[in-house]
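Read-outs: derived from the displayed coordinates by stated rules, not from any lab. Keep in mind the model is a prediction, meaning the values are calculated, not measured. So basically every Cβ, Gly included, is an ideal-geometry build from the backbone, and we count neighbours across all protein chains shown.
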Amino acid sequence: MDKNEIEVDIKVPNQTRYLSLIGRIGEDIARELDRFDGDRDMLAYHINLVLTEAMVNAIKHANANDPDKMVHVYINITDQDLLIRVFDDGQGFNINSIPPPDFDQLEDRGRGIFIIKQLMDTVKYEKINGGNMLEMTKCLRCCA
Amino acid sequence: MNLKTEEKNEILIIFVKEERLDAHNSNDLKGKMQELFEQGKKNILVDLTDVRFIDSSGLGALVSGFKNAISHQGSLKLASLQPQVKSMFELTRLHRVFEIFGSTAEAVENF
């Protein structure tokens with residue numbers, strides 16, 4: 001493991017009360033990056049946000065609000081790249097079938113995946129080991 | 001969720017006293033706005049001074065309040081957004097929907 005690489009692997013109950021905990025961990029990691037020379041506060045906010053959106057997706061949609069299930073989050077961050085994986089045990093969905101929000105129609109919902117896609121460079125959702133994994137990456141060096 | 005309300009010039013001001021407005025607590029704000037419009041309040045101002053973080057659920061709660069205002073012939077406006085919170089309105093184009101003011105005092109003068 002590179003000495004500037006940070007890896008976090010955490011499991012929390014499938015409940016929205018843990019969103020702030022995971023989001024805060026993401027923010028703290030962003031502030032620890034020695035060599036990142038972009039807007040650190042913006043990066044911290046964006047990591048917090050994509051982690052929150054991905055977890056809500058797992059909690060509400062994939063794991064169907066079942067409080068006995070767990071959400072597994074993996075974060076790997078270097079000076080160059082950010083990788084986030086959020087695992088769920090639910091039925092899954094086709095991420096490519098979710099349309100972007102219609103900006104002329106005011107809907108309460110439907111902005112979560114759009115936000116993730118706007119802030120990250122790659123986003124995929126696939127079946128893995130009997131569950132699903134939402135994987136997102138962001139190039140930090142090229143966007144700095 | 002910690003919400004403080006205050007009435008000024010027939011405008012009901014809701015101060016969201018939380019650092020995060022997210023999927024965990026946004027339903028409380030949504031319910032509060034709905035309750036106030038159903039009680040007959042016409043003008044609601046949501047002050048977001050303390051909110052450092054908003055997600056799509058928080059934005060959705062405010063959109064719900066905005067639609068509720070329209071259906072009750074009222075209005076919903078926003079004040080005191082922190083820069084990163086404001087950037088989320090811009091990312092989702094919602095800055096074109098809401099009237100957003102720099103301060104509660106400024107917003108109160110513009111109802």
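General observations
- Top positive-direction residue, dipole computed over chain B with Cβ charges, set B:Phe89, B:Val108, B:His24: B:Phe89
- Taking the fewest neighbouring Cβ atoms within 10 Å as the starting point, the ordered list for B:Ser75, B:Ser56 is B:Ser75, B:Ser56.
- Computed E for A:Asp41/A:Lys117 - FRET, C-beta separation, R0 22 angstrom, nearest 0.05: 0.50
- Using the Cβ-Cβ distance between B:Thr5 and B:His95 with R0 set to 22 Å, the FRET efficiency works out to roughly 0.35.
- Magnitude of the charge dipole, chain A, Cβ model with Lys/Arg +1 and Asp/Glu -1, debye to 20: 220
- Gyration tensor verdict on segment A:69-112 (Cα atoms; rounded if a/c is under 1.5, prolate if a/b is larger than b/c, oblate otherwise): oblate
- Max mean-square fluctuation residue, GNM over chain A, Cα-Cα springs under 10 Å, options A:Asp79, A:Asp34, A:Asp89: A:Asp34
- Between A:Phe93 and A:Asn129, residue separation times 0.36 nm minus the direct Cα-Cα distance comes to 11.4 nm.
- Taken as Cα centroids, segment B:1-47 and segment A:41-63 sit 24 Å apart, rounded to the nearest whole angstrom.
- Student exercise, chain B dipole from Lys, Arg, Asp, Glu Cβ charges, in Debye to nearest 20: 240
- Residue range of chain B that is longest and free of trypsin sites (Lys or Arg not before Pro) which are both DSSP loop and sparsely packed (at most 13 other C-beta within 10 Å): B:18-92
- Exposure proxy ranking, count of Cβ atoms within 10 Å, fewest first, for A:Phe103, B:Phe66, B:Phe98: A:Phe103, B:Phe98, B:Phe66
- Taking trypsin sites (Lys or Arg not before Pro) in DSSP loop conformation with at most 13 other Cβ atoms inside 10 Å as exposed sites, chain A has its longest uninterrupted site-free stretch at A:36-108.
- Chain A: relative contact order as a whole-number percent, Cα under 8 Å and 6+ apart: 27
- Between A:Asp66 and A:Ile10, the contour length at 0.36 nm per residue exceeds the Cα-Cα span by 18.3 nm.
- Three-way shape call for the protein assembly as shown based on the alpha-carbon gyration tensor, with the a/c threshold at 1.5: prolate
- Computed about its Cα centre, the charge dipole of the protein assembly as shown is approximately 400 debye, with only Lys, Arg, Asp and Glu carrying charge at their Cβ.
- Rel. contact order, % - alpha carbon contacts under 8 angstrom, at least six apart, chain B: 26
- Residue pairs, from the table A:Lys117/B:Lys32; A:Lys60/A:Lys127; A:Lys11/B:Lys32; A:Lys60/B:Lys86; A:Lys69/B:Lys77; A:Lys138/B:Lys17, whose Cα atoms sit over 29 Å apart: A:Lys117/B:Lys32; A:Lys11/B:Lys32; A:Lys69/B:Lys77; A:Lys138/B:Lys17
- Three-way shape call for segment B:3-108 based on the alpha-carbon gyration tensor, with the a/c threshold at 1.5: rounded
- Computed from label points 7 Å out along Cα-Cβ, the spacing between B:Thr49 and A:Asp34 is 4.2 nm.
- HN-Hα J in Hz across segment A:23-36 - Karplus 6.51, -1.76, 1.60, θ = phi - 60°, x for Gly and Pro: x, 5, 4, x, 5, 4, 4, 4, 7, 8, 6, 4, 9, 6
- Here is the list for segment B:1-30: GluC sites (Glu not before Pro) lying in DSSP coil, each with at most 13 other C-beta atoms within 10 angstrom of its C-beta, are B:Glu10, B:Glu19.
- Whole-Å distance, taken between Cα centres, linking segment A:99-144 and segment A:4-24: 18
- Dipole of segment A:6-139 computed with +1 at Lys/Arg Cβ and -1 at Asp/Glu Cβ about the Cα centre; of A:Ile25, A:Thr137, A:Ile98, farthest Cα towards the positive end is A:Ile98.
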